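Read-outs: derived from the displayed coordinates by stated rules, not from any lab. Quantities reported herein were computed from a predicted structural model and do not represent experimental measurements. For neighbour counting, all protein chains shown are included, and Cβ atoms are generated from backbone atoms with ideal geometry for every residue, glycine included.
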Amino acid sequence: MKTLQYTVIKDFHTVDSTHKSTITNQCKKVLGSLKIGETVEAKQFVKETMPKFCNTVNPRNIANIGYRYLREGKKIGVLSENPKEEKSISFKDFIKIESVAYWISQLSTTKYKNIKCNTILHGTQATHGYHLWAFNEWLQGIYISKVL
């Protein structure tokens with residue numbers, strides 16, 4: 001499974017000043033440090049690059065700041081978001097697989113009877129079904145990376 005990636009398409013210093021006036025100095029330093037043509041993985045950017053520019057050591061704050069700066073860079077045209085890779089199988093198709101459908105049918109739904117819900121599955125079935133689907137996606141990612 002691929003994570004969110006951005007490509008630097010424009011140097012920050014070439015952006016017109018109307019966009020720069022709404023951005024903090026720290027954001028200007030971060031976006032200015034990126035090179036044209038560089039591909040930045042969002043999670044890796046937050047973990048490795050952002051701590052160099054932040055005074056805080058709280059990882060949650062650093063992540064919030066990092067993702068905000070990536071959004072700002074995309075908004076002003078410095079970054080372009082790369083399309084994410086499609087899932088190997090959709091959740092609707094996954095729960096229709098014979099063995100998975102049988103296994104899910106053995107689980108309880110929910111104890112609430114008169115609640116209308118927009119989801120396909122409810123309660124324990126939904127929780128375990130989504131976890132199994134996520135595990136399947138993870139396994140598919142490992143298999144594909146080893147084949148390539």
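Might you check whether a residue that is of a type outside the set (G, A, S), within 30 Å of Q140 (Cβ to Cβ) and touching a Lys or Arg at 6+ places or on another chain (Cβ under 8 Å) occurs anywhere in the stretch 45-54?
No: the stretch 45-54 contains no residue that is of a type outside the set (G, A, S), within 30 Å of Q140 (Cβ to Cβ) and touching a Lys or Arg at 6+ places or on another chain (Cβ under 8 Å).
For the stretch 75-131, which residues satisfy the criterion of being acidic (D, E) and within 30 Å of C27 (Cβ to Cβ)?
Matches in the stretch 75-131: E81, E85.
Please find, within the stretch 76-125, the residue that is nearest to Y6 (Cα to Cα) out of those that are charged (D, E, K, R) and in a loop (DSSP other than H, G, I, E, B).
Restricting to residues being charged (D, E, K, R) and in a loop (DSSP other than H, G, I, E, B), the top hit is K84.
Would you point out the residue of the stretch 23-37, among those that are touching a residue at least 24 places away in the same chain (Cβ under 8 Å) and assigned to a helix (DSSP H, G or I), that is farthest from G66 (Cα to Cα)?
K29
For the stretch 18-40, indicate whether the set of residues that are out of contact with any Gly (no Cβ under 7 Å at 6 or more places or on another chain), surrounded by 14 or more Cβ atoms within 10 Å (Cβ to Cβ) and among the acidic types (D, E) is non-empty.
Within the stretch 18-40, none of the residues are out of contact with any Gly (no Cβ under 7 Å at 6 or more places or on another chain), surrounded by 14 or more Cβ atoms within 10 Å (Cβ to Cβ) and among the acidic types (D, E).
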